[in-house]
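Peer 1: The structure that follows is given in the form of structure tokens.
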Amino acid sequence: MTWLETSTENCTVQRAVDLIGERWALLVLRDAMNGVRRFDDFRRHVGMSEAVLSDRLRKLVAAGILVSTPYREPGSRTRHEYLLTEKGWDLWSAVLALKQWGDRWAADPDGPPLEILHRDCDAPLEVVVQCADGHGPLTAREARANPTASARRLP
């Protein structure tokens, strides 16, 4: 079966995009990965409306990517912090890959505004593709797509 003969109804890329592919969701994830936890901080830093932010946080919590944890400062009402779950942190390399692409193709003439460095040696991090046997980095020309048992033929 070839790719064009394969149904995309159970495509995991499509399912991932449905969960996190919207612009604001990715920016919330970026900020959460950089230590932002509170609603007002997300709103101020990302620059979205309260209604949009509430919707994105609700969807990310429902998807198990963030967890909402109540807190209360003295004299204030109960509020929530939003923390990445293991499922959320598993998106770290995907967000870094988007950043790496953006640094190469969409940065200002002065360069990217943020670098991500290895704590031990201060070298910039790079996202690379390798096979499960450790060969890599690999390019797209060195890979092939192979339908699995869960692939469905188009009707």
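Peer 1: Helix 50-62: angle to the longest alpha-carbon principal axis of the chain, degrees 0 to 90, nearest 10?
Peer 2: The angle comes out at about 60 degrees.
Peer 1: At 222 nm, what value in deg cm²/dmol follows for the chain if DSSP H runs of at least 4 each add -39500 (n - 2.57) and the sum is divided by all its residues, to the nearest 500? Please report the intermediate quantities before stating the final value.
Peer 2: On the way: 6 runs with 55 residues, N = 155.
The per-residue figure over the chain is -10000 deg cm²/dmol.
Peer 1: Next up: Whole angstrom only: what separates the Cα centroid of the range 8-37 from the Cα centroid of the range 82-136?
Peer 2: Computed from Cα coordinates, the inter-centre distance equals 15 Å.
Peer 1: If one takes the longest principal axis of the Cα atoms in the chain, at what angle in degrees, from 0 to 90 and to the nearest 10, does the Cα axis of helix 23-33 lie?
Peer 2: It works out to around 70 degrees.
Peer 1: Relative to the longest principal axis of the C-alpha atoms of the chain, give the angle of the C-alpha long axis of helix 92-105, reported between 0 and 90° and rounded to the nearest 10°.
Peer 2: 80
Peer 1: Something else about it: May I ask you to order 26-34, 95-103, 146-154 by the average number of other C-beta atoms within 10 Å around their residues, highest value first?
Peer 2: Values: 26-34: 18.4, 95-103: 15.6, 146-154: 9.6.
Going from most to least packed, we get 26-34, 95-103, 146-154.
Peer 1: Here is a follow-up. In the set (1) 49, 40, 28; (2) 53, 33, 28; (3) 63, 45, 30, which value of Cα extents along the principal axes in Å was calculated from the structure you see?
Peer 2: The calculated read-out lines up with (3).
Peer 1: Also, quick follow-up: So, counting K/R as plus one and D/E as minus one, what does the shell of residues with Cβ under 13 Å around G111 add up to?
Peer 2: That works out to -2.
Bear in mind these aren't lab numbers, they're just calculated from the coordinates by the rules spelled out. Note that this is a predicted model, so its numbers are computed, not measured. Glycine also receives a Cβ, built like all others from the backbone with ideal geometry; neighbour counts cover every protein chain displayed.
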